[in-house]
Structures are given as C-alpha cells and as structure tokens.
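These notes concern the structure reproduced below.
What follows draws every value from the coordinates through simple rules; no lab data is involved. As the structure is a prediction and not an experimental result, all values here were calculated from the model. With ideal geometry, Cβ positions are generated from the backbone for all residues, glycine too; neighbour counts draw on all protein chains shown.
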Amino acid sequence: MTDSVRRLLRLARPERSALLRGFGANMIASLLQVVPAVVAVVVVVRLADGETFSSDDVVVIAAICFGSLGLRYGFARYGNGVLWVVAYQITGRVRRDLLARMKAAPPSATSGDNAGRALTVLTYDAGKLAGFLSWEMPVLLAGAIVPVIVLIVYAFLAPWLAVVAAGVALLAIPVLRFGIGRVMDVYAERRRLQGEATERMLEYVRGIDVIRAHAIAGERQQRFAEALDGIRDADVASVDRLTPAYSAFQSLIDAGVAAIVLTAGLLLADDGTSDSATVSSLIAALLLTTVLFRPQLDVGARALHLPELAASMRHVEEWMSLPAIPDRPIAHVTLTDGGATVEFRSVTAGYQPDVDVVRGVDLAVPAGSVTALVGPSGAGKTTLLRLVAGLLSPRTGEVTIGGADLEEMPAAQSAALVSAVFQDVGVLSGTVASAISSADPGVSHDRIEEVARAAHIHDRILELPHGYESVVGEEGRTLSGGERQRLGIARALCKNAPVVLLDEATSALDPTNERLLREALANLVRGRTLLVVAHRLETIRGADRIVFVDEGSIVESGTHDELVDRGGRYASFWSTREQAAGWSLAR
Amino acid sequence: MSELPDRPEFTAGLRVVARLCRPAKRRMIVSSALAIVSTAFELVPFVVLFLALRDLVDGTATTGGFVTLAAIAAASSVVRFVLWSRALHISHVAAFDIVRDLRLDVARKLATLPLGWFSRRHSGQVQRALTEDVQRLEVLLAHAIPELVSAVCFWVVAAIWLLAVDPLLALAALVFAPIAFFVLWLGLRDRSDDVRRSTAASDELHASAAELLRHPHVLRLFDAHGAVTAPTRAGMDAHEAAEVRWSTSYATLGTAFRTLITADFVAVLPVGVWLLVDGRVDVTSLLLVLLLGAGVHQPLERAYRLGFRLSWISYGAAVVDEMLRARSLPETDEPQTPTSDRIEFRDVSFSHGDGAETLAGVSLTVEPGHVTAFVGPSGAGKSTLVRLLARFWDVDDGAILIGGVDVRDMSVGDLLARQALVFQDAFLFADTVAANLRVGRSDATDAELEEACRAARIHDRITALPDGYRTDLGDSGVGLSGGERQRITIARAMLRDAPIVVLDEATAMADPDNEAAIQSAIAELVAGRTLVVVAHRLRTVVGADQIVVLDGGQVVEQGRHDELLAADGRYREMWDDMIAAEGVRLGGEVDADVVATPVDASLGGAGS
C-alpha cells in the first residue's frame, strides 16, 4: 500500500521540485500550528511558577500568536497553491502520456473489452492521482512529521512521556494496516461490480428505444436494480469490514491522551508534593498533547484512500508499461513499387488465443489492382483488411507492403502506406473540414474541397449550416449513414496513401445516396491498390480479381466471369444474391 | 453544453440535495444524533487535560487523581469511536441506498421521457448523471451530513457554555469560527461557472476518448499529425486548466478557512493574559477556555475537505433533479380501446425541436392487412413518422389514430401491445439469448421461443452457440453477425404477436449470406398483419399495396409501384438512381448495359 505512494512519487519525478515545495510549505505550516501551543506552554508554566505578566508581555504574546497565524496562512496558501496545481498537471501529463501509449500500443490493447478499461484509466484512475497528491499526501506527511517534532520536545521534558506517546502511535499503525488490508480484497470486488453496473446503466440508456417499444422498462430496471444491489452490498460489506479496525485505530490514538495523563500521574509524587520542575514539564507536556495527536487522527481517515490509490496506480502503471509495438525499428525501411503492392505470406491470425480467424492465407495484390474479398459472414474477410491496416499482427507468416514486412517497419511508416474506409466509418465529432483533413491537418482548403467533390459530398456539406466549418455531432450522428461513408471516403482520399482498404458497409442506403457513394468509391480507387470486402457483388463485378474466402482460407479466386463459369462457391453465391434481389414484401 | 442546468444557485443545489435525500431522513437523523453524542465525547480529552492542568497549576495533582482522569479519557475514546463508527455506518448504508434508489428513479424516469429529450443531449451527460452525479451525493450523505451537523450543533452548545464561563474570553476563543465560515461561503458562492467549465471539459475528455477508443483504425491510420487525438488532448488540457483555476481559488479561501478554524490559542492566549494582568479572570478559567476552545473547533475542520467538492455535489444534484423533473409523455386517465387496426395520420406535423420541421402536414391512411412502404431520401422523416406511431414523441400538430382512436387517448401498454417494432440497429442486451427473446413477450415458453426462432431462421445458429439459448450475448466471443442479430430481433417481434408490424429499415443489415434468411424470416413475421415498412431498397417494396414517397417531411407521391413509375416523379428518379448505382463498378467502366436495362416491374411483384 505504502508502496503505491512510493511508485506514485516516482511517476511524479518530473514535477518533483514543485511537489517538494508544495509538501515542504505545507509541513512548515503544520509545524507553525504548534507555535501558539508552545506559547501557551510558556504562559501556563510561568503562571504555575507564580510569575505574573505585564502588558508588554501581552503585546509579545499577541505578536507571536498572530504572527505565526499569518505565517502559517502564507505557507499553507503557497503550499496548496503549488501542490494543487502541480497535482492536476501531473494528472494532465499522465493522461497525455497514456493516450500516446495507447496510440502506439497494439490496437487489441485498447479495443473490445479493453476499451472500457482504457477509458477508465484515462479519466478516473489518472484523476485519482491528483486527488491523492493534493489531499491525502499533505495529511499523511503532517501526521508523520508533527508527532516526531513534539516527541523530540517530550524527550527533553519527560522522556517517559515520549516513550508512551511513541508507543501509542506505533501500536496504532498495525491496526490501521490490518483494517486497510481487509478492505483491499473487497475493494477489488467492488470495482468489478461498479464496472458491471455502469455497463448496465449505459446499456439501459443505449437501449432506451427497444425498452420503450416493448414496454419492458420494468424488467430491464429489474436487471439494473440487481446490479445496483450488487454495488450496494459490496459497499456495505466494505464499510462493515472497515468499521472495527477504523474505530480501533481512532480510539487508540484518541486514548493516547489518556496514556499521557496516566504516565504523568505516575510521575507525580503520590502526596501532591512534586517538585516544581516536574510539575512544569508535565504542564508543558499535557498542553502539547492538544497538538500532538490531532494530525494522526486525520491520518486514520485519509489512509482509507490508500486502497483506491493502489488500484488506480496499478492500472496506470499497467498502461504506462505497455509495450509500444514490440521491437519496432526506428528507421524507415526501403520499399519497392512506392509501397503499393500488398502480399500475404502463409498468414495465420486471430483475436483470441487458439482461435484462428485467418488460416494460412497466401495472396498477392499487385500495385494498382482491385482485389475483392467475398464470402459468407465470419469468413475472415474483414480480418484480412485489419492485418494490412496493422490493427492486428499475424500469428505466423507475414503481411508485406512494398516488399517489406509490416512488422519490420516503424508504426508511422506502415500507417502512412494505408488508407481505409471501414464499415464503422468512425467520423469523430469535430468540424467537417477537420474530419476530412484528419490525416494531414495542414492541407489546403482547396484540397479538402477537391476530395469532398470526388467523394460526392461537397454539395451536401454546403447545405450544412456552416458549410465546411459545421460541426458533426458525436459519431458524426448529424449525418446520415451514406453521408458519413462519403465523408470517410473524402478523408481516405485526402490521405493519399498508395493502398486503400475498403470494407463496404452492409447497411442499405436510399437510392440517391447509394449512387453517389458508388461513384465516390470509384474515384477513391483510381490509381491506387484496392483491397475491398464486398457485400453487394454488383459492386465488384469488374474487379481484377475476386477472392472467395471461407473459414479463414481462400477457396477460389479469379475474375467474375471466370468464377461464374467455374460454377463453384462464388457462382452459387452470386445466384443466391440474384434471387434475393428479386424479393419483395407483399401481402 | 447548453443542456447543463443554467448556473444553478449554490444554495438551490443544496436544497435539491436535501430533497433528494429525504427518503433517508430518519436514518440521517439517527446518524446525526449519534454523531452529536460522539462529538460531545470528543471534548472529554480536553476536559481531562483541563482538570489535570488545573490540579498541576494549583499544586493539588496526585497520581490517584490522574489515574481516574486517564481512565475517563480512555473510556470516552472507546465510547466516542464506537458511537462515531455506528453513526457513519448508518449514514453510509443510507447513502448507498439513496444512491441506488436515485439511479433507479432516474432509470424509471428515462423510460417515460419523450425520446426527443435524449437527442438533445450528449449521451455522455445522461451517463454522467446516472453515474458520477448521483455518486457524488454519497460523499455528502455518508460523511458531510453527520460530520458537519454534529460539529455545528456541538459548537453552538459549547459556545453557550464558554460564554457563561467568561464572555470576553469566550469571544476570543470563538471569534474565528464565524469568520472562517464566512470566508468559506465567499469561496463557494457563485462557483457554478467553474463547475460548468470543469464538468464540460471532463465530459469532452470522456466523450472524445471513448469515441477514439471505439474506432482504433482511425487512431492508427489517420493520426499521423495528431489531428484525430486533438479533441481528447484538448479535453485533457481544458480539464486541467479548469481544475487548476478552481484549485487556485480554493487555495486562497479554503486554506484561509482551515487556518482560521484551527487557530487554537491564537486570540485566547493574548486576551487571556491581558485579562489576567487586569485581574479580571483567574488561571482556571483561562485554562478551561483555552482547552475547550481548541476542543470545540476540532470537529469543524472537517468542512475543509468537503468544501473543495461541495459545489460539484450541489451541481450534480441539480442535474439529477432536472432529469427527475423533466416532463414525461403524458398518459391519459381514460384510455379508449380502438376497434380496428386501421392507422390514420391526420395532418401530422412534428419538429425535433431544432428549428427545422421534420414532418409538415402528413396525411395518409394505412388499411388493416395492407403493406405500406415509406421511401425517400435520408432525412425525409420516414423513421420519425413510424416512431410517432409508438409515441416515441407526440405530434406537434394533427393526430395519429389507430382504429379511430388518437394514440394519445390509448393506454401506452395497449398501444405498444398492438405493435411489433424492428429497428435497423438490432440492439440486443448483454443478456442471454432467451432473455433477449422474452423482451418480446415475457411469459413466452421455451417452446414458443424455439418456434419463433425457427420461423426467424435463427434457431440453428442459436443451438450452435456454446450454451444454446442460454448463451450470454454480452460475451465478446459470441460473435453473431449483424444479420444474425437482426434475425433475433425479428424472432423477438414475432413473439410479440402484434397485429401491426413496423419495420424500420430492418433488412438493411443483410449481407448476401443472410439476406435470403432474413427475407424468409420477415415474410413469416408479416403474414396476415398490417405492415408499415421504411425501406431503402426499392426492390423490396415494389409489391407493396401503397408506397409513400416522403421528402422534406412531406408526402410527395403515393401509390403502387407501377403507378408511381408511370407518374415519372420523385419515385421514378429514385428508381433510376438505383439502376444507375447498380451499374457503377469498382475497377471497371460504368456498365452501359445495366443503365439501359428497362425497368422490370414484375421483378419484385406481388406474390414473388
């Protein structure tokens, strides 16, 4: 647990000087809090000795007390000002680092099931670091420093008191550790349940159409309520587990005063005739207990945040240590054909261990040709595209572009060779112009317009309220499906990469959109190497080569006419398609 | 972020908090009462110290007396923390319950809101309300209420006591607390702009990062110059800036609060010594006020940390409250029952609230047992029109009638029981296949599920899944294709066994492999029912009894396929576009033959 604090500080090394200033000033402020107590000690001891005070003394006392208060505010203000700012800067830096690492990491690390976790690390876990540094750390430090200083004073006043006070503090620590240890396992479970319930909540919001249409709000809420009960029970369990240890720790620290009073009593002569030196030192010691244990009581409450920090630290570190695509060379590799040929050499690949989605595929795609991948759903067509896009690494074999293995290229070089329009186009929120020029934000407006025209989306963009500066909403949802696809084509054109991957969307468009889209695609292909997954066979009748894929392997390949003449899988596929086209809804 | 509540007043937010927490009122009172007693015990060590010091100063201190005092202090520590942890335990459990109930309340509310309410919001905002905003109340309830209520109550009582001991000395001991709270109030008052900024930045960060992570290929292929990740990084920067700005302001005023509330001895000491010099106070009273003064302020320090997030808590409460108070779709008290399934759209106008009219004066009739198809360009209002039938929204003008009864005069249950809807996006819950099917009819037997799935041509695929009908579709490994998921939604609609079937681009997800199966599934579903279909593929609806061409929210043409072709209008244009689209091929020249192929109306004619 304390280990996670050490690791956090190591992570914060670049901001070390600001952190030290922030912690330092806070600690000085904590120590200045002792000053009025020390003045009180002096006053009471002198009163006990029967001395009197003058009005000058009053001025001096006032000056010291208010002076220390002013100074304390000054240091605390400075310390918090520095600390809270640097804490958020650390969170900001960690977030940016994490994002950069997620970008460089194999895409599988941040997609699918991992996407939710990646998002939590970026937002929640990174945020925890700032919270801990700004709030828990100063308290933990003050809780450690102030007692040490007071104990040193005690050692001079009455050594036995120092021993007893130290004993109380040391006894309390294992109790706290025990309590925190008990929550740690509950905490992991709670975090899992939280994640699950959040998923349910999001599903409920996303599925609200279906919920409404089927009037099943009650049933879905039941599911949701079960998940919420899970969190609640885990929360209650963690409080149940924590309460005894927490009370024991706080009682122990609080009873420290009792222990000091008891020791002081034992140091007294039994008949009330103790010498004045003993009495004075005991007065001093007793007054100082008002400032001795207070910071430690805070420690008890703050230390409960350690399990959360430990969990967040662990997740941040997991991502920080992600291998940025393993052993990638820095230097660009020399390519043939300007990087326009694509070749699969005995490629096997898959997403889960032991499940191959692509099995021993050999396929050469010459520069400037159109190759269409056709086959039943789940055949592995999209996976082949993902391999070329570098979104997936082959288990065995290699994928080459321009004669060089993608794995042997720097990630930036292989990414530059490929442009793509996938089924899920991925138009991100932002302006239309920025969406088109994603790959190269420095491109001229004329160029943006040129590719938008080629993608048959220019006229539609001009109809938007602010033309090219119009903002498309989250997931580009202010656009229709066909418009999003054409915007994706414009973006792909703007990138101007030698290889283009196209995963034709399965969803149907209205006829006008469909025509514009197909013409846009034809423009996209011109002069480039195209690898296309086609769902509507009409689109790819003219392809240089049609490759029929099933169960991860190539079954047959050739031109449309050749394959139809052969009467194999493609031919039967084609005839099914023609029948389906003739189908109609009617009574 | 125009949909966030408009600068909720800080105190207004707190009033909302109080209202939201009302269900746990009794437990919060018990918890606070226990906390007050516990806080009173918090003073015991200070009293013990006072007595010990008094004896020392008076020269009457004895071992026996100190042992007794120590015993009292030790016992009070145990009692104090037993009470304290009991109080916090009660408040925590109450907080957990309230948080759960509020989330459920919000979820229930969401199910009654017109869907237009959702489309005006960033999906992230609804999610944040359900997660973070509600969660924040937990801190307030679990800690803030018992801790602060007890601290303040105790302070007031102790202050009265001290004033009775010595008014002047007591004033010196107590003066900092009101000043400290005034400073804190200054610091927290009117921070809604900071909260908005920080919340907006956090939403932006969250939404854009989530968007990025959903599209790894965009991140990999289009971010060479960092343009794709720019909004996420901007969100991070903005969030950092907002937090820094707020922290800096709290560093000034929050720190002042803490400094003042912990200023034990600072004023009492000089004032006490001054009064002592004047002979107006004795040493014992000075000692008493000195120590009790320190003791009564200790609990108030807890407001320091709470204050830092109080504005956020109050703001979150306002957001949740706004959601709970949003206007639900009104339900009639005297529901009428239609006598037929004849659907009539009577001069229907509707706007999504963004200024533009989505539907403008649409009138048409759907005869029972007929197939009516809506076609037209995207944005024409087709999906909106069919969804109005299920009251996803209510019309702005005109009326929609089923069997002569306005849909607003029917009970929602009856209205929805008459319709089976199949949407384009084939949404399935992360639940078992069976549970997803029972969404259609909750009391369907296993045999009925199987029958529907056979009819929807998906039974064989389901039995091939690892656990058959009990397979959890939430597992990422299940890997059903879009077409297969669509067939499950069709089976779901069949189970519904409703007289009216609404297909909103339900065939859109078909790929060649699935298309034939989906088509037979749909043919089974619609047999003998009134069908309303939104279609993009014109070929699928050539046999419809009525084709309605919508454009710009208006009916531009209406009739059977051959009538519309003959009319040579908008439908004819779309048909020609479709033929042209089929002629565009990748890697080949445009095929003139196909373009020139005469339209064969019989291709998809009735009965095929």
Only counting other Cβ atoms within 10 Å, I'd like A:S377, A:S247 sorted with the fewest neighbours first. A:S377, A:S247
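Please give the length that would be gained between B:A527 and B:R346 if that part of the chain were fully extended, namely 0.36 nm times their separation in residues minus their C-alpha to C-alpha distance (nm, one decimal).
Working: separation 181, 0.36 × 181 = 65.16 nm, distance 2.69 nm.
So the extension gain works out to 62.5 nm.
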List the longest stretch of chain A that has no exposed loop site; here a site is one of the GluC sites (Glu not before Pro) assigned by DSSP to anything other than H, G, I, E or B, with at most 16 other Cβ within 10 Å. A:52-550
Partner shielding of B:38-47, as the mean number of partner chain Cβ atoms within 10 Å, equals 2
Rounded tilt (10° steps) of B:176-188 against the dominant C-alpha axis of chain B: 20 degrees
Within the range B:375-419, what residues put their amide N at less than 15 Å from the label point 7 Å along the Cα-to-Cβ vector of B:Q336? B:399-412, B:415
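For A:H445 and A:T336, calculate 0.36 nm times their separation in residues minus their Cα-Cα distance, and state this gained length in nm to one decimal.
Numbers: separation 109, 0.36 × 109 = 39.24 nm, distance 3.20 nm.
Result: 36.0 nm gained on full extension.
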Pick out, from B:S77, B:P216, B:M236, the residue whose Cα sits farthest towards the positive end of the charge dipole of the protein assembly as shown, with +1 on the Cβ of Lys and Arg and -1 on the Cβ of Asp and Glu. B:S77
Karplus-derived 3J(HN,Hα), 6.51/-1.76/1.60, for each residue of the range B:443-459, Hz, glycine and proline x: 9, 5, 7, 4, 5, 5, 4, 5, 4, 4, 5, 5, 4, 8, 6, 10, 4
Would you compute, for the Cα atoms of the protein assembly as shown, the largest minus smallest coordinate along each principal axis and list the three values in descending order, in whole Å? 122, 78, 53
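Before rounding to the nearest 500, sum -39500 (n - 2.57) across all DSSP H runs of length at least 4 in chain B and divide by the residue total; then give [θ] at 222 nm in deg cm²/dmol.
Values: 26 runs with 349 residues, N = 608.
Taking each H run of at least 4 residues, the total per residue is -18500 deg cm²/dmol.
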For each of A:L71, B:L495, count neighbouring Cβ atoms within 10 Å of the residue's Cβ, then give the residues from fewest to most. A:L71, B:L495
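Suppose the chain between B:L171 and B:H225 were pulled fully straight at 0.36 nm per residue; how much longer would it get relative to their current alpha carbon spacing? Could you put the intermediate results ahead of the total?
Details: separation 54, 0.36 × 54 = 19.44 nm, distance 6.50 nm.
Going from the current span to full extension adds 12.9 nm.
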Please find the FRET efficiency linking A:T576 to B:V79, where r is the Cβ-Cβ separation and R0 is fixed at 56 Å, and quote it to the nearest 0.05. 0.10
With +1 on the Cβ of every Lys and Arg and -1 on the Cβ of every Asp and Glu, and nothing else charged, how large is the dipole of chain B about its Cα centre, in debye rounded to the nearest 20? 2740 debye
Just name one of A:V85, A:A169, A:G70: the one whose Cα is farthest towards the positive end of the charge dipole of the range A:2-320 (beta-carbon charges, Lys/Arg +1, Asp/Glu -1). A:V85
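Under a Cβ-only charge scheme (Lys and Arg +1, Asp and Glu -1), can you give me the dipole magnitude of the range A:2-320 about the Cα centre, in debye to the nearest 20?
Numbers: 31 positive and 30 negative charges, 325 e Å.
The dipole of the range A:2-320 has a size of about 1560 debye.
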Once you place label points 7 Å from the Cα toward the Cβ at A:H466 and B:R560, how far apart are they in nm? 5.1 nm
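Determine, from the Cβ-Cβ distance of B:R54 and A:L71 and an R0 of 35 Å, the FRET efficiency 1/(1 + (r/R0)^6), rounded to the nearest 0.05. Please report the intermediate quantities before stating the final value.
Details: r = 31 Å, r/R0 = 0.90.
Given R0 = 35 Å and the Cβ-Cβ separation, E is 0.65.
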Add -39500 (n - 2.57) for each DSSP H run of 4 or more in chain A, then divide by its residues: what number comes out at 222 nm, to the nearest 500 deg cm²/dmol? -20000 deg cm²/dmol
Angle between chain B longest axis and helix B:303-324 axis [Cα atoms, degrees, rounded to 10]: 30 degrees
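As a test, work out the antiparallel percent of DSSP beta bridges whose residues both lie in the protein assembly as shown, rounded to the nearest 5. Before the final figure, lay out each step's value.
Working: 38 of 72 bridges.
If we restrict to bridges inside the protein assembly as shown, about 55 percent are antiparallel.
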Would you mind computing, in nm to one decimal, how far apart the modelled labels at B:R26 and A:V60 are, each placed 7 Å from Cα along Cα→Cβ? 6.3 nm
Please compute the contact order of the range A:2-320 in relative form: average sequence separation of alpha-carbon pairs under 8 Å and at least six residues apart, divided by the residue count, as a percent. 31 percent
Where does helix B:512-526 land angle-wise versus the long Cα axis of chain B, in degrees 0 to 90, nearest 10? 90 degrees
Identify the residues of the range A:71-103 with backbone N under 15 Å of a label point that sits 7 angstrom from the Cα of B:L306 along the Cα-to-Cβ direction, or state none. none
Can you work out ³J(HN,Hα) from phi for every residue in the range B:283-292, in order, using Karplus 6.51 cos²θ - 1.76 cosθ + 1.60 and θ = phi - 60°, giving whole Hz and x for Gly and Pro? 4, 4, 4, 4, 4, 4, 5, 4, 6, 5
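Taking the Cα centre as origin and putting +1 on Lys and Arg beta-carbons and -1 on Asp and Glu beta-carbons, what dipole magnitude results for the protein assembly as shown, to the nearest 20 debye?
Details: 113 positive and 143 negative charges, 591 e Å.
It works out to roughly 2840 debye.
Which whole-number percent gives the relative contact order of chain A, counting Cα pairs below 8 Å spaced six or more residues apart? All intermediate terms of the calculation are to be shown ahead of the outcome.
Values: 805 pairs, mean separation 82.8, N = 587.
Relative contact order, chain A: 14 percent.
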For A:R386, A:R536, B:R245, what ranking results if the residue with the fewest other Cβ atoms within 10 Å of its Cβ goes first? B:R245, A:R536, A:R386
All lysines inside 23 Å of B:K109 as judged from Cα atoms, apart from same-chain residues fewer than 8 positions distant: B:K25
Out of B:L162, B:H297, A:L521, whose Cα points farthest toward the positive end of the dipole of the protein assembly as shown (charges: +1 Lys, Arg; -1 Asp, Glu; placed on Cβ)? B:L162
Just for the Cα atoms in the range A:337-581, what are the lengths along the principal axes, largest first, rounded to whole Å? 51, 47, 33
Can you work out the FRET efficiency for the pair A:Y124 and B:W161, with r the C-beta to C-beta distance and R0 = 30 Å, to the nearest 0.05? 0.05
Under 21 Å Cα-Cα from A:K495, which lysines qualify once same-chain neighbours fewer than 8 residues away are excluded? A:K103
